[in-house]
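What follows is a short report on a single structure.
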Amino acid sequence: MKVLDFPLAKITFSFVFGIVAAYYWLPSITISVLYLFIGLVFLSTFYLLSKKNKKLNLFFGLSTCYTSFCIGIIALSINTDSFQNSNYTHFKNAFESQHCIDITLREKLKSNTYNDRYIALINSIDNKYYSGRIIVNIAKDSFKNYFVIGNNIRTKTILQHTNSPKNPNQFDYAQYLANKQIYAQIYTSKVEIDVNKKIKKDIWFYASRLNTRIIHNLEKAKFNNSEMNVALALILGQQQEISSDIIQDYQYSGATHVLSVSGLHVGFIMLFILFILKPIPNTKKGSFIKLVTILISLALFAIISGLSPPVLRSVVMFSFLAIGNHLHRKSNTYHTLLVSILLILLFEPYFLFDVGFQLSYIALFSILWLQPLLKNIWLPKNKIVKYIWEGLTVSFAAQIGTFPICLYYFYQFPALFFVTNILILPVLSFIMIVGIVVMLISAFTSCPLILIQIFEKSIYVLNQIIHYVASFESFVIKNISFNSYHLISFYLFLIAAIILFKKPSHNKLIIVLVTIIMIQVSFIQTKKEIESKQELIVYNAKKKNSHH
């Protein structure tokens, strides 16, 4: 794999390291610009000198990487909302007493027991211009929720910081929100809200409206509620209404990736479009028509699914793959992916710290790199068996690649994931094709009842399979201790093992053995750190009402 020979690979890695450095160091924009200026001076100097003296090419390469590193730092600084003077975090008083806050609803979140929740953009506080993203919690009551995306609402309330975790090793929700540039929440009720009659009609408003129309047409067709919620997650990435029991089933069976719209779903859509466009000849004109159709279809899918970040990421990723394919650069698929990473992170550098982003790209790189090796282990003659085998090797390659990072974030491993994938692959392929057709028809009019029933029954079958596999709870290995030492050493081992597997040699075997020693060292180091620590932990428990 000669990815690193490609100049853009070095630039992308330097850029990513720049983002990581800025994330932990948080330099001011002025300092970032100063470093970039120094980098540009070196870059232009060595560029001119290396033209005359080829020996200076190394310094030109190093100054290119340094400049790229600085651009990564600047990209993160510019996209950190709290650095902007207009951000509400600078109005300290808003966190201490009630103020009149004017906001626009941008995205609907999963409701909890007490509140309907939204992400909103602040327009003003006490009629003074302020900006930034917040979470709005609107208390539930007996009346139907009539708010829509794009609503401008005004309420008198106090801004509240999201609490940091009160116990060690707990999920840091405050940090998770800060990565999404959300630094506060507000709590209000429908009685305390004034709704402006004028709705902000931007692309999010139209995307949400289209989404609402699809849901309305499905409800009209008497689509069973629990199946419909899974359908909306499968096709549109709308997980807001799925019950926690179903989510747990998908987690325990190792099929969580099915519920979150990612590369898998967008890949299905791309294959479906390519299948429809098969009659078009592969001439220069035909190939261009296919490319334009794919790009328009993917953009429409992003809009229908409500422009959520995971969908946008996957759409950008596959758009680049389609363009690369059109340019007949199959050997450079890695480079196409690197370009998509670079472009996405240039505009949204905080995506780098999003678990979904990390899993999407690691899974895709694993599939591209490892799947051809796994596929060649067995070459079945039967076409159907061959299709199932290829599907399984894709799933297995993705699981191998994402295994360490899943342990690092989720501390559990569903041992039956392979069984799940064997069972759900045929059903899932069918569901995706029927689902895309149903959603497309529902976006414009009522869908024929026969299609709705087929779609509903196939999701029911999928849920039953998932529930059956998840019922073997003893196969779910929980509470796995897995820290950053383990993560790095496991990935080094995986990379070394795949390189050895591709083209075995004595030196490569030595490297694999060294990485195995590194894994052992990481466990010894962790054990040593734990044993040398002396601490007393007093856990914070939630208050419970006692009834005597």
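Tell me the mean residue ellipticity at 222 nm calculated for the chain from its helices only (DSSP H runs of n ≥ 4, each -39500 (n - 2.57), averaged over every residue, nearest 500).
Working: 18 runs with 325 residues, N = 548.
Taken over the chain, the calculation gives -20000 deg cm²/dmol.
Give, rounded to the nearest 20 debye, the magnitude of the charge dipole that the chain has about its Cα centre when Lys and Arg contribute +1 at Cβ and Asp and Glu contribute -1 at Cβ.
Charge dipole of the chain: 1440 debye, to the nearest 20.
If I model a spin label as a point 7 Å beyond the Cα along the Cα-Cβ vector, how far apart are those points for Ile433 and Phe17 in nm?
4.8 nm
Assign one of three labels to the chain, namely rounded, prolate or oblate, based on the Cα gyration tensor with a ≥ b ≥ c the square roots of its eigenvalues; rounded applies when a/c is under 1.5, prolate when it is not and a/b is larger than b/c, and oblate otherwise.
rounded
Report the label-to-label distance for Ser446 and Lys278 in nanometres (one decimal), using points 7 Å from each Cα along the Cα→Cβ vector.
3.4 nm
Show me, for the range 348-354, the HN-Hα J-couplings you get by feeding each phi into the Karplus relation (A = 6.51, B = -1.76, C = 1.60, θ = phi - 60°), rounded to Hz, glycine and proline as x.
These are the phi-based 3J(HN,Hα) values: 9, x, 6, 4, 4, 9, 8 Hz.
Students often check this: by mean Cβ neighbours within 10 Å, which of 28-35, 439-446 ranks highest, and how do the rest follow?
The peptides rank, most packed first, as 439-446, 28-35.
Which value, in debye to the nearest 20, gives the size of the charge dipole of the range 493-534 about its Cα centre, when Lys and Arg are +1 and Asp and Glu are -1 at the Cβ?
With Lys and Arg at +1 and Asp and Glu at -1, about 160 debye.
By a straight-distance test (C-alpha under 19 Å), which aspartates and glutamates pair with Lys54 as possible cross-link partners, with residues fewer than eight away in the same chain excluded?
Within reach: Asp5.
If amide H atoms are built 1.01 Å from N in the plane of the peptide, which residues on other chains or at least 5 residues away come under 5 Å of the amide H of Ile242?
none
Calculate what fraction, in whole %, of the accessible area of the range 131-211 sits on carbon and sulfur atoms when a 1.4 Å probe is rolled over the protein chains.
Whole-percent figure for carbon plus sulfur exposure: 54.
Taking the Cα centre of the range 143-229 as origin and charging only Cβ (+1 Lys, Arg; -1 Asp, Glu), how large is the dipole, in debye to the nearest 20?
Using Cβ point charges on Lys, Arg, Asp and Glu, the range 143-229 gives about 440 debye.
Students often check this: by mean Cβ neighbours within 10 Å, which of 358-364, 426-432 ranks highest, and how do the rest follow?
358-364, 426-432
What's the carbon and sulfur percent of the range 46-90's accessible surface, probe 1.4 angstrom, rounded to a whole number?
Percent of accessible area from carbon and sulfur atoms in the range 46-90: 68.
If each residue of separation counts as 0.36 nm, what is the full-extension length gain between Phe347 and Leu40 once their alpha-carbon separation is subtracted?
Additional length available on full extension: 108.4 nm.
Between Ile199 and Thr30, what is 0.36 nm times their sequence separation minus the Cα-Cα distance? Round to one decimal in nm. Walk me through the numbers on the way to the answer.
Values: separation 169, 0.36 × 169 = 60.84 nm, distance 3.78 nm.
Contour length minus Cα-Cα distance gives 57.1 nm.
Identify the residues of the range 213-251 with backbone N under 18 Å of a label point that sits 7 angstrom from the Cα of Ser471 along the Cα-to-Cβ direction, or state none.
Within reach of a label on Ser471, which here means backbone N under 18 Å from a point 7 Å along Cα→Cβ, the range 213-251 contributes 245-251.
Just the number please: accessible area per residue for the range 1-121, 1.4 Å probe, all protein chains included, in Å². All intermediate terms of the calculation are to be shown ahead of the outcome.
Working: 6880 Å² over 121 residues.
On a per-residue basis, 57 Å².
If the reach is capped at under 20 angstrom between alpha carbons, list the aspartates and glutamates near Lys201, excluding any in the same chain fewer than eight residues apart.
Asp102, Glu107
Roughly how many Å² is the accessible area per residue of the range 318-428, as a whole number, for a 1.4 Å probe? Intermediate values should be presented prior to the final figure.
On the way: 5410 Å² over 111 residues.
About 49 Å² of surface per residue is accessible.
Taking GluC sites (Glu not before Pro) as candidate sites, keep only those in a DSSP loop with at most 14 other Cβ atoms within 10 Å, then name the longest stretch of the chain containing none of them.
My reading of the result: 97-534 is the longest stretch.
What does the highest-first list of 141-154, 375-388 look like by mean Cβ count within 10 Å?
Put in order of decreasing packing, that is 141-154, 375-388.
From the cross-link list Lys10/Lys51; Lys108/Lys144; Lys180/Lys527; Lys156/Lys200; Lys386/Lys478, which pairs have alpha carbons spaced over 24 Å apart?
Numbers: Lys10/Lys51 21 Å; Lys108/Lys144 15 Å; Lys180/Lys527 34 Å; Lys156/Lys200 21 Å; Lys386/Lys478 34 Å.
Too far apart for the 24 Å limit: Lys180/Lys527; Lys386/Lys478.
Residue by residue through the range 142-153, what is 3J(HN,Hα) from phi via Karplus (6.51 cos²θ - 1.76 cosθ + 1.60, θ = phi - 60°)? Round to whole Hz and write x for glycine and proline.
6, 8, 6, 6, 10, 6, 10, 5, x, 5, 8, 10
The values are calculated or read from the model by the stated rules, or taken from the named source; none is laboratory data. Not measured: the values here are computed from a predicted model. Here the Cβ is made from the backbone with ideal geometry for all residues, glycine too, and neighbour counts use every protein chain on show. The protein model used for the area step is the full one, side chains on, heavy atoms only, and it has no ligands, DNA or RNA in it. Shrake-Rupley method; radii C 1.70, N 1.55, O 1.52, S 1.80 Å.
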